[in-house]
1. Can you tell me what percent of all Cα-Cα pairs in the stretch 295-373 are more than 22 Å apart?
2. Compute the projected area of the convex hull of the Cα atoms of the stretch 238-364, averaged over all viewing directions, and report it in nm² to one decimal place.
3. Kindly write out, for the stretch 282-290 in residue order, the coupling ³J(HN,Hα) from the Karplus curve 6.51 cos²θ - 1.76 cosθ + 1.60 (θ = phi - 60°), rounded to whole Hz, with x marking Gly and Pro.
4. Calculate the dipole size of the stretch 295-373 relative to its Cα centre from +1 charges on Lys and Arg beta carbons and -1 charges on Asp and Glu beta carbons; express the result in debye to the nearest 20.
5. May I ask you to sort Thr94, Thr175 by Cβ crowding, counting other Cβ atoms within 10 Å and putting the fewest first?
6. Can you bin every Cα-Cα distance in the stretch 262-302 into 10 Å intervals starting at zero and give me the percent of pairs per bin, rounded to whole numbers?
7. Sorted from fewest to most neighbouring beta carbons within 10 Å, what does the list Arg221, Arg370 look like?
8. Evaluate the distance, in nm, between pseudo-label points positioned 7 Å from the Cα of Lys98 and of Lys333 along their respective Cα→Cβ axes.
Amino acid sequence: MINLKKFFILFLCLTMLCYLVPKHSAAETVSVENMLEAMPSKEIIAVECSTGQVLMEKNSEEVCEISHLAKLMLVLLAAEKIESGEISLTDTVTVSAKANSMPAPQIWLDKNEKISVEELIKAITIGNANDAAVALAEHIFGSTDEAVNEMNRKVKSLDMNSTTYADVCGMDDRTLSNAADTAKLAAKLVKYDMLTSYFTSWIDNVRGGKAELVNLNRLVRTYKGITGMKACSSSVAGECSVVTAKRGKMEIAVVVLGCTDRTLCDDIAKKLLDMCFDVYSLYIPEITEEMLEKIPVLLGEKSKVKVGFGNLPAVVVPKGSSESIDIRFEKEKELSSPVSKGQVCGKLVCRYGDEVIYSADLVAKSGVKRKNLSFCIEKLLFYLIKI
């Protein structure tokens, strides 16, 4: 794992000074930790979604109540069910007495009312509606208890080790998480393009215009490249935001928990997004044809074997640093048979200064057996028949 704090500290400090030091003040050396500490929120994290790399954070692993952000897990499970074909956006849901009894925020669903899955997802993603969350959970899982069980099972698969759900709405004080886990959830949600239009809607309505939805995430109106995601508040959790945005191939998720004011919460999220996009970029080393040339195999049933790196993941680096990255590549000149599929036969290492920022193994794409007597006789007979 790359030591990002050490690797990027100079870039972060300079950029943060641009944002946080008043124009008339003399710039002083300020640590990244102090910069983040000055922001009026309990927890902060910024993560690049495709790599999972943490770019900056403050107290991001402290377990706390997360209010309506808990609904993001229900939305993820719904998206998975829609993608698999188990449910559809056009499915009709019959509202239960339990859904009807939920407190605000709500869309005032009546008992036995019919409403589509799509409208429920709108009401949850845009309006944080509790009654919609219960209605959707009951439609997908049969009951809210089973929905909570599924939410907690999903937590384990996403390595959200500090998260526990006790309800589908986030109202129960036993529903707990932190900024780090919430960022993992956001990084998973951004993969579902079908949700983007809901997460980025500013105003909409459901129930034939009877209920208006207004997004508390104000950045959906103003921030370039925004892809979502959710804002909420409660007396215990404070003002909270999860904001995701994409520019080029890089997508950033920022989580701000326990802020004192909605405007400040939005400002923090915006500044962190700006800094990430200004300072970082994604990097994948260029793979040349020479690197992928077949390698000779001694005494093999095949004279050469194809090689490759597989699917090379990206890594986050300081913007503009790619020309200064030292790329070193070593490759076996020949291999002795037998050769196993996946056998390592070379290595690519990228360094920025003294730091190794990228490494990848070159591997054999297929196996090659060692020649034996029967193989040689078979080849000889084939050759004699051919001539």
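Read-outs throughout are calculated quantities, based only on the coordinates presented, and are distinct from any laboratory measurement. Computed from a predicted structure; not experimentally measured. In this analysis, Cβ positions are derived from the backbone assuming ideal geometry, glycine residues included, and neighbour counts consider all displayed protein chains.
1. The answer is 38 percent, as a whole percent.
2. Mean projected area of the Cα convex hull: 10.5 nm².
3. Calculated HN-Hα couplings, in order: 8, 9, 10, x, 6, 9, 8, 5, 4 Hz.
4. With Lys and Arg at +1 and Asp and Glu at -1, about 600 debye.
5. Thr94, Thr175
6. 20, 21, 16, 13, 13, 12, 5, 0
7. Ranked by crowding around the Cβ, least crowded first: Arg221, Arg370.
8. Distance between label points: 7.1 nm.
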